[in-house]
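Here, each number is a calculation from the coordinates, and none is a lab measurement. From a predicted model like this one, the values you see are computed outputs, not experimental measurements. Note that each Cβ is placed from the backbone with ideal geometry, even for glycine, and that neighbours are counted across all protein chains shown.
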Amino acid sequence: MSLQAILYTPTPPALQILDQLKLPHESVYVPIRTCEDAYNAIKRMVVRGAPAIAIVAVLALVVELTSGEGLSGEVKESAGGARAYVHRRLDYLVQSRPTAVNLADAAEKLKVVVNAEAGSAETVVERYVEAAEKMLADDVKDNENIGRFGAEWILENSEVGNGEEKGGIAVLTHCNTGSLATAGYGTALGIIRSLHSGSNLTHTYCTETRPYNQGSRLTAFELVHDKIPATLITDSMASSLMSLKSIAAVIVGADRVAANGDTANKIGTYQLAIVAKYHGVKFVVAAPTTSIDMKTASGKDIVIEHRPGKEVTVIRGPLSKNDAADVGMDLETVGALVTAARGIDVYNPSFDVTPKDLIDAIVTEKGAAVKDAGGDFGLSRFF
Ligand code: MRU
């Protein structure tokens with residue numbers, strides 16, 4: 001059975017998410033009943049990954065709209081009231097995390113859907129629910145297509161494929177882009193799944209992905225779960241690995257791809273792209289077209305989220321609860337180990353921007369884009 005970060009049942013609408021703060025130690029689902037529940041879960045990273053954030057947010061509003069709890073008479077009685085409510089709640093949800101564009105993109109599309117419905121409050125809610133549920137179903141299909149296109153592109157274009165790699169290739173990935181970061185299958189990890197299922201993968205290396213350890217906690221969990229041959233490395237081992245082993249491609253996800261191809265993704269992606277370039281390793285970004293932001297011209301316009309310093313100074317795990325009070329974390333079931341000197345200042349940008357020049361291919365559900373002679377990815381062809 002594949003891992004599921006998002007459990008949604010349509011009749012009656014109910015939503016639960018896998019608490020990713022507790023993985024890999026415990027698999028616990030928590031209910032999401034309101035937009036506030038979703039906002040807090042996203043902000044605290046109970047759910048994370050650009051597509052998963054978007055889907056949880058829009059489905060939370062489905063649950064809220066259909067439960068009837070807390071909806072004022074105005075919302076229930078007129079189409080205009082229902083439309084205004086949907087707009088207001090989506091605007092609120094979009095503020096939860098700033099860098100990934102998928103949620104803002106979903107919110108814009110859903111606003112267009114409700115704006116086009118002139119009937120009654122009930123039909124406005126119906127149109128919203130249909131469109132939000134379709135986004136959930138589409139995400140899995142899109143990821144499977146990304147997986148297929150990405151595997152094909154890498155097999156055709158990587159320079160590695162002989163000797164040690166006979167019968168398949170080895171790849172490196174960063175952060176978590178799998179079933180846990182999406183509605184299912186994954187983007188970069190979807191490509192790895194596709195390579196594996198086609199018997200074209202010899203090995204996957206996954207980075208630990210400090211400071212939040214999405215690689216060691218989540219990607220490693222998915223790779224072990226799916227029995228994909230894999231090895232965990234710390235982030236600082238990537239150059240050494242690429243100099244000593246034949247790696248066909250570094251495959252990463254995206255939180256926002258600017259119109260020119262510059263890509264914001266988990267902190268550490270940029271340095272992997274530089275190292276890949278130096279070693280002649282293909283650098284592939286895997287992302288649905290909902291991660292492409294044609295309104296943002298280049299990476300310098302992307303807002304980068306900065307997160308609390310305690311994510312850097314504290315490692316969570318079933319270790320000890322002694323430091324919990326000091327660091328002010330919610331540590332009901334997991335402990336914490338403080339690894340830094342008290343009082344040190346911390347720099348903790350959650351994402352960085354990889355310039356397009358370092359990217360070989362951007363793989364979407366509609367196909368792979370590569371740069372033309374002028375260095376242009378031509379991403380507008382996807383819209
Ligand atoms: O801070 P996170 O864990 O939400 O960051 C996730 C990433 O950077 C992923 O690579 C990206 O969202 C793509 S997930 C398919």
Could you state the per residue volume, in Å³, of the convex hull enclosing the Cα atoms of the chain? 141 Å³
Residues meeting the amide H criterion for Ile267 (H placed from the backbone, H to H distance under 5 Å, 5 or more places apart or on another chain) are Phe351, Asp352
For helix 79-94, what angle does its Cα long axis make with the longest principal axis of the chain, in degrees from 0 to 90 and rounded to 10? 30 degrees
With a 10 Å cut-off between alpha carbons and a GNM built on the chain, which of Asp357, Asp255, Asp19 moves the most? Asp357
Cα-Cα over 32 Å, subset of Lys227/Lys277; Lys141/Lys371; Lys111/Lys300; Lys282/Lys366; Lys111/Lys227: Lys111/Lys227
Rounded to the nearest 500 deg cm²/dmol, what is the calculated helix-only ellipticity per residue at 222 nm for the chain, with -39500 (n - 2.57) per DSSP H run of length n ≥ 4? -11500 deg cm²/dmol
Pairwise FRET efficiency - Ile274 versus Lys295, Cβ, R0 = 35 Å, nearest 0.05: 0.80
Report the residue, chosen from Ser158, Ser72, Ser216, that carries the largest GNM mean-square fluctuation when the chain is represented by alpha-carbon nodes joined by springs under 10 Å. Ser72
For the range 6-138, fraction of C-alpha pairs farther apart than 20 Å, in %: 41 percent
Report the net charge of residues surrounding Ala84, where surrounding means a beta-carbon distance below 14 angstrom and charges are Lys +1, Arg +1, Asp -1, Glu -1. +1
Difference of contour (0.36 nm per residue) and Cα-Cα distance, Asn40 to Glu130: 29.9 nm
Span from the the range 63-112 Cα centroid across to the the range 288-313 one, whole angstrom: 23 Å
Treat the range 195-306 as a sphere of radius equal to its Kirkwood radius over Cα pairs and apply Stokes-Einstein at 10 °C in a medium of 1.306 mPa s; give the translational diffusion coefficient in µm²/s, rounded to a whole number. 105 µm²/s
Which percent of the Cα-Cα distances in the range 1-76 go past 20 Å? 30 percent
Residue by residue through the range 103-110, which ³J(HN,Hα) values in whole Hz follow from phi under the Karplus form 6.51 cos²θ - 1.76 cosθ + 1.60 (θ = phi - 60°), with glycine and proline marked x? 5, 4, 5, 4, 4, 4, 5, 6
Could you list Val101, Val224 in order of exposure, starting from the residue whose Cβ has the fewest other Cβ atoms within 10 Å? Val224, Val101
Interchain or long-range residues, amide H under 5 Å from Ile233's placed H: Cys206, Thr207, Glu208
If a paramagnetic tag sat 7 Å from the Cα of Ser236 along the Cα-Cβ line, which residues of the range 335-361 would have the backbone N under 19 Å from that point? 337-342, 344-349
Considering only C-alpha atoms, what is the centroid distance from the range 10-34 to the range 138-213, in Å? 26 Å
Would you calculate the volume per residue, in Å³, of the smallest convex hull containing every Cα atom of the range 45-112? 80 Å³
Comparing Glu159, Glu144, Glu365, which has the greatest mean-square fluctuation in the GNM of the chain with Cα pairs linked when under 10 Å apart? Glu159
Whole-Hz Karplus couplings 3J(HN,Hα) for the range 210-224, θ = phi - 60° and coefficients 6.51, -1.76, 1.60, Gly and Pro as x, run 5, x, 9, 6, 4, x, 6, 7, 9, 5, 4, 4, 5, 5, 5
Pull up all non-local amide H partners of Ala369: gap of 5 or more, or a different chain, and H-to-H distance under 5 Å with H placed in the peptide plane. Ile362, Val363, Thr364
